[in-house]
Amino acid sequence: SKGEYRHYMLKEIFEQPKVIEAALEGRMSASSVLVESFGPDAQALFQKTRQVHIIACGTSYHAGLVARYWLERYAGVPVQVEVASEYRYRHPVVPEGTLFVTLSQSGETADTLAALRFAKTLGYVGTLAICNVPGSSLVRESDMSLMTRAGPEIGVASTKAFTTQLIALLLLTLSVSKAKGQPEQPEILAGLQALPSLCQQVLGLDAQIEALSQAFAEKHHALFLGRGAHYPIALEGALKLKEISYIHAEAYPAGELKHGPLALVDSEMPVISVAPNDELLEKLKSNLQEVRARGGQLFVFADRKVGISAQEDIRVLELPEVHEALAPLLYTLPLQLLSYHVAVLKGTDVDQPRNLAKSVTVE
Ligand code: F6R
């Protein structure tokens with residue numbers, strides 16, 4: 001039941017510290033990731049893995065896009081990520097030693113399942129499903145699986161399923177790296193252990209985010225900007241806003257702004273940006289200046305330390321410091337809350353947005 005919460009979506013957003021903990025349980029220690037979490041064959045399979053293809057739909061696809069940054073940076077493995085409905089109708093070229101990974105909350109998404117069945121004819125080194133539903137078709141038909149342990153997700157808009165997929169993908173990154181004989185990454189492991197409590201802190205910003213949401217109630221469009229692994233987080237923020245509040249939202253990698261979308265920016269255009277304290281921060285800041293110079297209204301979710309201060313045309317919400325690898329997880333939360341509160345203000349059916357189904361079992 002929804003308990004004290006007004007909607008399932010809000011309940012599921014607030015469950016994230018708990019389910020992230022569950023997703024980590026027994027799968028790592030303070031000094032090491034447990035490769036066997038992916039099954040008895042995982043060690044041998046990951047050892048042979050020379051690249052990874054990730055296939056999913058919707059929000060799950062966005063999790064895959066984040067994982068590309070992680071697997072390339074922390075495991076040194078090249079990655080392709082694609083939506084299932086495109087992949088399955090292409091003629092993919094599969095280099096030797098390629099691992100096929102599907103991501104799905106339900107494990108029953110028709111295109112993702114069809115992509116897996118197709119992939120099995122293409123000579124992959126193995127197939128892995130990262131999924132929230134044990135015994136689902138995707139899990140049954142894959143060589144290996146890892147459950148995300150988010151528990152039932154009732155709200156159509158995916159929230160806790162996404163963040164637990166990210167946890168699973170970070171465990172995958174560390175496991176592939178370890179199986180290939182690369183050194184363990186103690187800072188990331190420590191960061192993972194600290195993550196549930198950091199998420200709890202960020203959820204404490206709820207009232208401030210609710211106040212911020214007022215500015216969106218009358219808006220027809222919104223632009224989300226991010227760089228690096230936060231570009232997919234911007235995509236996910238835009239998807240959440242459009243699916244539950246019906247406000248047209250688009251996401252861009254911040255560096256693409258001047259290649260077109262800047263033409264849309266005026267005082268009517270809210271621009272939401274995630275600004276963690278990473279190597280791309282200075283570049284992002286200059287992109288934000290470009291928005292300000294056109295009169296755009298900026299909403300920035302930023303690391304406490306980055307020194308973006310609130311001004312008349314910039315509203316800033318500060319997030320706690322977090323290891324760079326884990327920032328995409330943490331910065332997802334305020335965007336979920338923002339879209340939730342905007343939808344509530346607009347009076348939409350938050351848990352059952354029009355035209356959408358929880359599980360898309362037809363193509
Ligand atoms: C968006 C949303 C959808 C799903 C997509 C894939 O909030 O929920 O975009 O992510 O339909 O579903 P699964 O993950 O079940 O394969």
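Okay, here's what the table says:
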read-out: Selection from Cys199, Ser29, Pro183, by position along the positive dipole direction of the chain (Cβ); value: Pro183
read-out: Under 24 Å from the Cα of Lys178 - lysines, other chains or at least 8 residues apart; value: Lys48
read-out: Local electrostatic count at Ser245 - Lys and Arg +1, Asp and Glu -1, tallied over other residues with Cβ under 10 Å; value: +3
read-out: Surface/4 of the Cα convex hull for the range 1-129, nm²; value: 9.6
read-out: Cβ-based net charge around Ser29, under 13 Å, with every Lys or Arg adding one and every Asp or Glu removing one; value: -1
read-out: Taking the chain and dividing mean pair separation by its residue count, relative contact order in percent (alpha carbons under 8 Å, at least six apart); value: 20
read-out: Net +/- balance of residues flanking Thr98 in space, Cβ distance below 11 Å, scoring K and R +1, D and E -1; value: +1
read-out: Length added when fully stretched, Gln201-Lys305, from 0.36 nm per residue minus Cα-Cα; value: 35.8 nm
read-out: Under-5 Å amide H pairs with Gly126, H placed in peptide plane, nonlocal only; value: Phe100
read-out: Unit charges on C-beta of K, R, D, E only; dipole of the chain, Debye; value: 420
read-out: Whether the range 1-72 is rounded, prolate or oblate, judged on the alpha carbon gyration tensor where a/c under 1.5 counts as rounded; value: oblate
read-out: Chymotrypsin sites (Phe, Trp or Tyr not before Pro) lying in DSSP loop within the range 23-107, provided at most 16 other Cβ fall within 10 Å; value: Tyr89
read-out: Cα-Cα over 21 Å, subset of Lys11/Lys305; Lys219/Lys283; Lys240/Lys358; Lys160/Lys283; Lys240/Lys285; Lys240/Lys305; value: Lys11/Lys305; Lys219/Lys283; Lys160/Lys283; Lys240/Lys285; Lys240/Lys305
read-out: Volume in Å³ per residue [convex hull over Cα atoms, computed for the range 261-330]; value: 87
read-out: Kirkwood hydrodynamic radius over Cα pairs of the range 241-363, then Stokes diffusion coefficient at 20 °C and 1.002 mPa s, in µm²/s; value: 134
read-out: The range 152-257, relative contact order [Cα under 8 Å, separation at least 6], %; value: 20
read-out: Ordering of 300-313, 227-240, 10-23, 350-363 by burial proxy (mean other Cβ atoms within 10 Å per residue, highest first); value: 227-240, 10-23, 300-313, 350-363
read-out: For Asp303, residues with placed amide H under 5 Å, excluding near neighbours; value: Ala275, Asn277, Leu319
read-out: Whole-angstrom gap from the range 1-61 to the range 293-335, using each part's C-alpha centre; value: 25
read-out: Inter-label distance for Glu318 and Ala357, nm, one decimal - labels placed 7 Å from Cα along Cα-to-Cβ; value: 4.8
read-out: Per-residue HN-Hα couplings for the range 339-356 [Karplus 6.51, -1.76, 1.60; θ = phi - 60°; Hz; x = Gly/Pro]; value: 5, 4, 5, 5, 4, 4, 4, 7, x, 7, 7, 4, 7, 9, x, 4, 6, 10
read-out: Among beta bridges that DSSP assigns inside the chain, antiparallel share in %, nearest 5; value: 5
read-out: Listed residues Pro320, Leu337, Val350: farthest to the positive end of the dipole of the range 293-363 (Cβ charges); value: Val350
read-out: For the range 74-159, size of Cβ-based charge dipole, Lys and Arg +1, Asp and Glu -1, in debye; value: 100
read-out: Relative compactness, the chain, computed as alpha-carbon Rg over 2.2 N^0.38 Å; value: 0.95
read-out: Two-decimal Rg to Rh for the range 66-171 - Kirkwood Rh, Cα set; value: 0.95
read-out: Only Lys, Arg (+1) and Asp, Glu (-1) charged, at Cβ; the range 226-363 dipole about Cα centre in debye; value: 160
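Rule-based calculations on the coordinates, nothing more; no lab input. Note that the structure is predicted; figures quoted are calculated from it, not measured. Positions of Cβ are backbone-derived with ideal geometry, glycine not excepted, and every protein chain shown enters the neighbour counts.
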